[in-house]
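Take a look at the structure below.
Only the coordinates and a few stated rules stand behind these numbers; no lab work does. The structure presented is a predicted model; accordingly, all values stated were derived computationally and were not measured. Don't worry about glycine lacking a Cβ; one is built from the backbone with ideal geometry, like all the others, and counts go over all protein chains shown.
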Amino acid sequence: MSHTAEITITLTKDGAKGRYVASVAGIDEPAELTFSIVSEHMIIADHTGVPDSMRGMGVGKALVERLVADARENSIKIVPLCPYVNAQRQKHPEWADVFQG
């Protein structure tokens, strides 16, 4: 069963760590994509976690799309250590400009 959810994504940064949090109305547990800030122009995407209650809603992909859009806007390269981010990168060659390695 696939259904399009209203996904809200927020970004928080704390020192050298960053986190995108996605929430969907009616679901308490958030999804997240975390990253480490290496420098002003490079980050390492290290983890994506989506709770089972959000599976099939496109939440993980929405998190990566936001990461890519923000990286592109701020001239930042992404090192995709997270297997999910790396898999999405391989499916979207149009994102090659923001990925390193």
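Against the definition (assigned to a helix (DSSP H, G or I) and more than 16 Å from H47 (Cα to Cα)), how does R72 come out, yes or no? Spell out the reasoning first.
Working: assigned to a helix (DSSP H, G or I): yes; more than 16 Å from H47 (Cα to Cα): yes.
Yes.
Restricting to region 27-62, name every residue that is within 15 Å of I78 (Cα to Cα), small (G, A, S) and surrounded by 15 or more Cβ atoms within 10 Å (Cβ to Cβ). Before you say what the answer is, go through the steps one by one.
Restricting attention to region 27-62, the residues satisfying the condition of being within 15 Å of I78 (Cα to Cα) are 33-48.
Checking the rest, the ones that are also small (G, A, S) come to 36, 39, 45.
If the condition is that a residue be within 15 Å of I78 (Cα to Cα), small (G, A, S) and surrounded by 15 or more Cβ atoms within 10 Å (Cβ to Cβ), then S36, A45 are the ones that fit.
For A96, work out the one condition from (1) touching a residue at least 24 places away in the same chain (Cβ under 8 Å); (2) touching a helix residue (DSSP H, G or I) at 6+ places or on another chain (Cβ under 9 Å) it doesn't fulfil.
(1)
Can you pull out the residues in region 75-98 that are of a type outside the set (D, E, K, R) and assigned to a helix (DSSP H, G or I)? Talk me through it step by step, then tell me what you get.
Taking region 75-98 and keeping what is of a type outside the set (D, E, K, R), we get 75-76, 78-88, 90, 92-93, 95-96, 98.
Answer for region 75-98, where residues must be of a type outside the set (D, E, K, R) and assigned to a helix (DSSP H, G or I): P83, Y84, V85, N86, A87, Q88, Q90, P93, W95, A96, V98.
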